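> Sending over a structure as structure tokens; questions will come in a sec.
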Amino acid sequence: MTPFRKLRLFLWGVDPGYFRLKHALKTVVAILITLTLSIKEPLFGKLMAGIACGFSLQGITAKSFALRVIQVIVFDLVYFMVFILGLKVRDSHNLTALVLIGLGFAVNYCRRFGLQNSMAPMMAWILCFFATILPFDTPDAAWMHLHALIIGLLVAALVAIFIFPENYPKLYIKNSNRLFKLLSRGMREIRYYLVKRDVIQSFEKLSFVRLKHNMNHLLDSNQTIEQSDVFDGYQSTVSEILVHQYAFVSAYTMMVEAYHVIKIHDYQLPRSVRLSLVVINRRLAALFDAVRMRKDFVIRYERVKVSLRQLDESMSHELLTEPTLVMALLNLKLTFNLLNQHMAELVRIQDGASQYH
């Protein structure tokens, strides 16, 4: 694997969809464009434009294109008006205090109207605050360079809408396929852990344990996308797929915890049981490695038989008397059954509807 590919996978693991990375790049690009367009402005004119541009990019939370356009227009109008308000009251300490207090109450109260996760209300208050403290040479200096503020807001609006536009259905598919790959990798790492008995590394630092964080990150991203209603006729299919994805990760977590219990108590698995677990994990790794979500959200995979018969026979032939070990092995069987069951149900989701038999 090339270093560039490794870097992409690392960035995707910590930031599925590159949301934060792309947002940071959009902010930098927008500010640079704004400063270029306002190059003839004095220092405080550039400062007004840069602050307005950077702040106006922070509050957009809509997922669909139409709603993003509406949010950009509404938020920019609000930013412009509160900045003007700050300029009007800046010469009066009493009015400044009253406006900032009243606006502070308003921006916090308006969060209850669907803006809980948006930074736009607080950005509006900060812009008003900046308008009251920017050290212009004369009271009229700010009004003379008001067009710099407009440039900053317009550039931010265009960048927010047209640069690095988010394709959330495509991101959902990428996240899902990445999740299946992580599950496959986790199964392979567990198999390696079972084969290599003399592992002295701390259990929490083992790679298959740390993969849980990446899986949950992908699930959180898919959950946010699923709730955005951008899938048109596929919404019910996407919601049901997400349920199975949560089941896969929950089963994987149960599996890891079972091996953790075995590790804590320093149990030595019988050779036949260990070999059975190795075979099961190898087949599960092959199964998840072959799973793909297509553009129409249909799941395709190559059928890999994951049988628990050998594990059942091994457990029945061995004399297992330690209750904690028996419970851990039973939990492992439960996780294998859950993975088999949810995979069988997942592949029946066709043409936007789930079909269970």
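> Over the alpha carbons of region 127-211, what is the largest minus smallest coordinate on each principal axis, giving the biggest first in Å?
77, 32, 14
> Would you list, by chain and number, the lysines whose Cα falls below 25 Å from the Cα of K295, excluding same-chain residues fewer than 8 positions away?
K6, K22, K63, K170, K174, K181
> Most fluctuating residue of N222, N117, N214 in a GNM of the chain with Cα springs under 10 Å: which is it?
Evaluated over the chain, the most mobile residue of the options is N117.
> If you wrap a convex hull around the C-alpha atoms of region 120-275 and split its volume per residue, what is the figure in Å³? Walk me through the numbers on the way to the answer.
Values: hull volume 30.0 nm³, N = 156.
Hull volume over Cα atoms, normalised by residue count, gives 193 Å³.
> For the chain, what is the convex hull (Cα atoms) projected area averaged across all directions, in square nanometres?
23.7 nm²
> When T96, T321, T253 are ordered from fewest to most other Cβ atoms inside 10 Å of their Cβ, what list results?
T321, T253, T96
> For the chain, set up a GNM with springs between Cα atoms under 10 Å and report which of K88, K170, K63 has the largest fluctuation.
Looking only at K88, K170, K63, the biggest GNM fluctuation is shown by K88.
> Could you order the peptides 66-75, 122-131 from most to least packed, using the average number of other C-beta atoms within 10 Å per residue?
122-131, 66-75
> Using the Cα atoms as the points, what is the convex hull volume per residue of region 3-162 in Å³?
About 126 Å³ per residue, rounded to a whole number.
> Tell me the label-point distance for the pair V243, F105, using the 7 Å Cα-to-Cβ offset, in nm and rounded to one decimal.
For the pair V243/F105, the computed spacing is 4.6 nm.
> Across region 252-307, how large is the tail of the calculated P(r) beyond 18 Å, expressed as a percent of all Cα pairs?
Summing the P(r) of region 252-307 above 18 Å gives 51 percent of all pairs.
> If we count every other residue with Cβ under 13 angstrom of Q235's Cβ, Lys/Arg +1 and Asp/Glu -1, where does the sum land?
Summing Lys and Arg as +1 and Asp and Glu as -1 gives -3.
> Over region 68-109, what number does the Rg to Rh ratio reach, with both radii from the alpha-carbon atoms and Rh per Kirkwood?
That ratio equals 1.07.
> For helix 207-226, report the angle its Cα long axis makes with the longest principal axis of the Cα atoms of the chain; keep it between 0 and 90° and round to the nearest 10°.
50 degrees
> Based on C-alpha coordinates, I'd like the Rg and Dmax of region 168-354, in Å.
17.4, 56
> Below 8 Å, C-alpha to C-alpha, sequence gap of six or more: please give me the relative contact order for the chain in percent. Kindly include the intermediate steps, with their values, before the conclusion.
Working: 384 pairs, mean separation 65.8, N = 357.
It rounds to 18 percent for the chain.
> What is the Cα centroid distance between region 94-134 and region 163-236, reported in whole angstrom?
38 Å
> So, one more: Angle check, please: helix 168-195 long axis (alpha carbons) against the longest principal axis of the chain (alpha carbons), in degrees 0 to 90, nearest 10.
40 degrees
> As I understand it, the value is the acute angle between the Cα axis of helix 120-133 and the longest principal axis of the Cα atoms of the chain; what does it come to in degrees, rounded to 10?
Result, in degrees: 40.
Values in this text are rule-based calculations from the coordinates and carry no lab data. Fair warning: this is a prediction, and the values are worked out from it, not measured in the lab. Virtual Cβ from ideal backbone geometry, glycine too; neighbours counted across all protein chains shown.
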